[in-house]
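Reviewing the structure listed below.
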Amino acid sequence: MAIDIEILDDPARACAAMLVGVAAGGGEIVLTGGSTPRAAYVEFVDAVRSVGIDVSRSAMWFSDERCVPPDDERSNYGMARKALLDRLDGAPAAIHRMEGELGRGDGAAEYKLELADVGAFDLVLLGLGPDGHIASLFPNFPTLDVTGRDVVGSEAGHEPFVDRISMTLPRLCNTRELLFLVAGEDKADAVARALAGEPSHQTPGSLARAAEGATSAIVDRAAAAQL
Ligand code: 6PG
């Protein structure tokens, strides 16, 4: 399926604008971890505050989590709380965090319950690791083949080396819009494989495509160097 790829100097800002649109419409948004998404969250709140946008009907989910308490500096929720949630004047209708502190088995089971009966998301945001991983789905891990379940526990395949909880590919792909946000020259090879290569378990990003919606990518020039 074709991906709409935008190459921009400031991908975080463009991503933030998309987040604003979906949040203002009361959408169900899946956030992810990583430094590039973090920059987008900061810009998102700046935009929401400067224009006075109401995000109180939106809901936030998480693609994955590290198995640490929410106040640990490695927590994806902790990062999103500091960069985004705590900086909003009005809270979203719901914030569905993964409970990393429960460990990968119980944490995944709890989030599975939270997701029961939830239909398609409106926007799933994904970063991309230099190894091609998305969320906490790592190259050649058996978790890539999990179907019929929304959430899995996993060992880490990338730093930080703590256990993980992750949405599965079918759950991430059940969305109206799936958006990759990638920056940095260390991602150039992964970007080419994930966005323009053949689907492969070696590159989890190549397997993430909105099942019935649109898939797009916003990348900076350095990350797009091998496209
Ligand atoms: C995580 C993320 C992960 C991240 C990529 C990109 O838990 O680490 O969910 O999938 O999005 O690793 O992260 P960077 O933007 O920091 O490279």
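The table for this structure:
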quantity	calculated
Cβ-Cβ under 9 Å pairs, at least 6 apart or on other chains, the range 38-56 side at positive phi, far side not aliphatic (A, V, I, L, M)	Gly52/Asp89
Qualifying residue in the range 67-76 (condition: in contact with a Phe, Trp or Tyr (Cβ under 8 Å, 6 or more places away or on another chain) and hydroxyl-bearing (Ser, Thr, Tyr))	no
Filter result (assigned to a loop (DSSP other than H, G, I, E, B), open to solvent by 40 Å² or more (accessible area, probe 1.4 Å) and of a type outside the set (Asp, Glu)) within the range 8-26	Leu8, Gly25
Selection within the range 196-227 - within 15 Å of Ile3 (Cα to Cα), in contact (Cβ under 8 Å) with a residue 12 or more places away in the chain and open to solvent by 30 Å² or more (accessible area, probe 1.4 Å)	Ala196, Leu207, Arg209, Ala211, Glu212, Ala214, Leu227
Selected residue [over 19 Å from Thr175 (Cβ atoms) and of a type in the set (Lys, Arg)] from Arg38, Arg57	Arg38
Hits in the range 98-142 - residues which are outside any strand (DSSP E or B), open to solvent by less than 40 Å² (accessible area, probe 1.4 Å), closer than 18 Å to Gly78 by Cβ and in contact (Cβ under 8 Å) with a residue 60 or more places away in the chain	Met98, Gly100, Gly103, Gly127, Ala135, Ser136
Scan of the range 16-35 for residues that are over 12 Å from Ala80 (Cα atoms) and in contact with a Pro (Cβ under 8 Å, 6 or more places away or on another chain), ordered by number	Ala23
Residue count for the range 165-195, restricted to those that are within 11 Å of the ligand (Cβ to nearest atom), open to solvent by 10 Å² or more (accessible area, probe 1.4 Å) and within 15 Å of the chain's Cα centre (by Cα)	1
All positions within the range 140-162 that are away from the ligand (no atom under 12 Å from the Cβ) and in contact with a strand residue (DSSP E or B) (Cβ under 8 Å, 6 or more places away or on another chain)	Phe141, Thr143, Leu144, Val146, Asp150, Val151, Val152, Gly153, Glu155
Candidate set from the range 58-82 (those that are among the basic types (Lys, Arg) and within 10 Å of the ligand (Cβ to nearest atom)); member that is least open to solvent (accessible area, probe 1.4 Å)	Arg66
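Table: residues versus (1) away from the ligand (no atom under 16 Å from the Cβ); (2) in contact with a helix residue (DSSP H, G or I) (Cβ under 7 Å, 6 or more places away or on another chain); (3) among the acidic types (Asp, Glu).
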| position | (1), (2), (3) |
| --- | --- |
| Val22 | yes, no, no |
| Val42 | no, yes, no |
| Arg87 | yes, yes, no |
| Glu101 | no, no, yes |
| Gly105 | yes, no, no |
| Ala108 | no, no, no |
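Every residue, every condition in (1) over 13 Å from the mean Cα position of the chain (by Cα); (2) assigned to a loop (DSSP other than H, G, I, E, B), yes or no:
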{"position": "Ile29", "(1), (2)": "no, no"}
{"position": "Gly33", "(1), (2)": "no, yes"}
{"position": "Thr36", "(1), (2)": "no, no"}
{"position": "Tyr41", "(1), (2)": "no, no"}
{"position": "Asp46", "(1), (2)": "yes, no"}
{"position": "Ser50", "(1), (2)": "yes, no"}
{"position": "Val55", "(1), (2)": "yes, yes"}
{"position": "Trp61", "(1), (2)": "no, no"}
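The values are calculated or read from the model by the stated rules, or taken from the named source; none is laboratory data. Small disclaimer: the values here were computed from a predicted structure and weren't measured. No Cβ is skipped: glycine too gets one built from the backbone with ideal geometry, and neighbour counts run over all protein chains shown. Just so you know, the surface numbers come from the protein's heavy atoms only, side chains and all, with ligands and any DNA or RNA stripped out. Shrake-Rupley method; radii C 1.70, N 1.55, O 1.52, S 1.80 Å.
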